[in-house]
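Everything below concerns the one structure shown next.
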Amino acid sequence: MAFVEIRDLHKHIGQTVDVRGWLYNKRGSGKIQFLQIRDGTGFVQAVMGKQDATEAEFLAASGLGIESSIEVAGEVREDKRSPIGVELTCRRLKVLQEVKDYPIQITKDVPNIDWLLDRRHLWVRSRKPHAILKVRSEAVQAIRDFYYQNGFVLFDAPVFTPASCEGTSTLFEVPYFDEKAYLTQSGQLYGESGAMAFGKVVVFGPTFRAEKSKTRRHLTEFWMVEPEVAFLELDGIMDLAESQIRFVVQRCLERCKEELKTLERDISRLEPVAKPFPRISYKDAQKRLVELKAEFEKSADPDKQKLAKDILKNGLGDDMGAADETAISMQYDRPVMIHRYPAAVKAFYMKRDPADPEYVLGVDVIAPEGVGEIVGGAQREDDLEVLLARIREHNIPMESIDWYVDLRRFGTVPHGGFGMGVERCVQWICGCEHVRETIPFPRTIYRTKP
Ligand code: 4AD
Ligand code: MG
């Protein structure tokens, strides 16, 4: 028997077809049952009148619990009220497994998020998580297509690594036979090796940070896409990040209309990505923050007053905090790029700005709506002696990083790239409150199960 996927039902109007899946929801009376069926590709309503089926089937339908696995045969009818344009008149019902007491009920009151996360293996069937993960899948495909179409070579980096890339405070150490290793924080250093071999590479994989922070933006395990390009300098790195972000958002807007509707996402907030992204220097951002702090303190809006307290919390000249990013990003309707941060707050590998060596040729892309940094990137230090000095300053053990230094010994050229956290990007596209909703099984400080 050939089963039709729910997403294809509209091609079969007037025909009787077989559909299989799970009972998503149900209502009915002694005369008629409305079965909402999902099969992963979509949702459809199957209407079973008492006269449409045998008595046993009607009885089975009346008592069927949510998430029972079923097969139905039904006639496809056009129905303008249905989101997929069709409904089924159910002619036959076969129950594969009758389920009683499925724990997640479809009610108006949303259960506690931790309760739902404990049942994440089931919760992924529900409409909203399902829609978010569908957008994630589309975003990842768009990322892969973007780099493939632009001539990048996929260059996979290892997960077990000998050294830190982004500082030792967020390193996961793991026993490795008689030695120890660290879970990768970023594939960048390997990407740089790839760039010298292939010109343009992209590293894409899971990365790990021992983040003790319980914010809406932090996971301990997340996926990062990291392009790295030989002969590319800071302006080019910003152009690349901008094109990639635009490509991914446009693709999701085109292909995830239904999902974004399910999520009640205001897509007008995403449309401005078609315009150029504003670029401001860290120094200008700091000046602006001083003004915004004063402005928000006087504001009648309690949210702004609250934000004012945290603006420049780290102090002028230090790294930007979450409130700083939010305040700056509130000034724009699309992502903003902040470039040339103080060297003191950034990683060892970032190249100093020749115009002002206290600052580095790095860039962060800050997404709107409080999501914060979605991209961090930089032009890399390409001078052997300067790099060696930085490694010493940062107390990075030479024996763990000597291989990387080789890249500056044998044909060094200007180069750079960036990393985009897939989850933060999806969080912004979907308008999710918390980044943990954007990965099938989130890992956070208190969660390694399921
Ligand atoms: O800014 P980060 O730390 O940059 C790097 O790791 C560079 N080595 C990347 C490169 O140049 N190839 O991280 C890059 C991005 C952040 O902008 C953010 O989107 C994401 O990774 N990210 C996280 N996402 C979720 N949870 C966390 N704990 C994250 N830490 C970083
Ligand atoms: Mg960063």
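Being surrounded by fewer than 20 Cβ atoms within 10 Å (Cβ to Cβ), within 21 Å of Glu423 (Cα to Cα), touching a strand residue (DSSP E or B) at 6+ places or on another chain (Cβ under 8 Å) and not aliphatic (A, V, I, L, M) narrows it down to one residue among Arg144, Arg246, Arg216, Arg209; which is it? So that I can check it myself, show each step before the final result.
On the way: Arg246 fails: touching a strand residue (DSSP E or B) at 6+ places or on another chain (Cβ under 8 Å); Arg216 fails: touching a strand residue (DSSP E or B) at 6+ places or on another chain (Cβ under 8 Å); Arg209 fails: surrounded by fewer than 20 Cβ atoms within 10 Å (Cβ to Cβ).
Of the residues listed, the single one that is surrounded by fewer than 20 Cβ atoms within 10 Å (Cβ to Cβ), within 21 Å of Glu423 (Cα to Cα), touching a strand residue (DSSP E or B) at 6+ places or on another chain (Cβ under 8 Å) and not aliphatic (A, V, I, L, M) is Arg144.
Kindly provide the set of residues from the stretch 167-184 that are within 22 Å of Met350 (Cβ to Cβ) and open to solvent by 60 Å² or more (accessible area, probe 1.4 Å), ordered by number.
First pass over the stretch 167-184, keeping only residues within 22 Å of Met350 (Cβ to Cβ): 167-171, 182, 184.
Across the stretch 167-184, the qualifying residues are Thr168, Ser169.
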Sort out which residues of the stretch 1-23 are part of a strand (DSSP E or B) and open to solvent by 20 Å² or more (accessible area, probe 1.4 Å), and write them in order of number. Phe3, Thr16, Asp18, Arg20, Trp22
Pull up the stretch 332-351, narrow it to residues that are in contact with a Lys or Arg (Cβ under 9 Å, 6 or more places away or on another chain) and basic (Lys, Arg), then point me to the one that is farthest from Tyr282 (Cα to Cα). Arg334
Yes or no: Ser213 within 13 Å of ligand 1 (Cβ to nearest atom), among the hydroxyl-bearing types (Ser, Thr, Tyr) and out of contact with any helix residue (DSSP H, G or I) (no Cβ under 9 Å at 6 or more places or on another chain)? yes
Answer from Gly151, Gly187 - the residue that is surrounded by fewer than 16 Cβ atoms within 10 Å (Cβ to Cβ) and not aromatic (Phe, Trp, Tyr): Gly151
Output the qualifying pairs, or none if there are none: Cβ atoms under 7 angstrom, residues six or more apart or on different chains, first residue in the stretch 384-400 and on the phi < 0 side of the Ramachandran plot, second residue open to solvent by 80 Å² or more (accessible area, probe 1.4 Å) and in a helix (DSSP H, G or I). Leu384/Arg409
Taking interchain pairs and intrachain pairs at least six residues apart, which have beta carbon atoms under 6 angstrom, with the first residue in the stretch 187-216 and aromatic (Phe, Trp, Tyr) and the second within 15 Å of ligand 2 (Cβ to nearest atom)? Phe204/Val225
Is it the case that some residue within the stretch 289-309 is open to solvent by 20 Å² or more (accessible area, probe 1.4 Å) and either within 15 Å of ligand 2 (Cβ to nearest atom) or part of a strand (DSSP E or B) (or both)? no
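The values are calculated or read from the model by the stated rules, or taken from the named source; none is laboratory data. Remember, predicted model here, so these are calculated numbers, not experimental data. Neighbour counts are summed over all protein chains in view; Cβ atoms, including those assigned to glycine, are modelled from backbone coordinates with ideal geometry. In case anyone asks, the SASA skips ligands and DNA or RNA and just uses the protein heavy atoms, side chains included. Shrake-Rupley method; radii C 1.70, N 1.55, O 1.52, S 1.80 Å.
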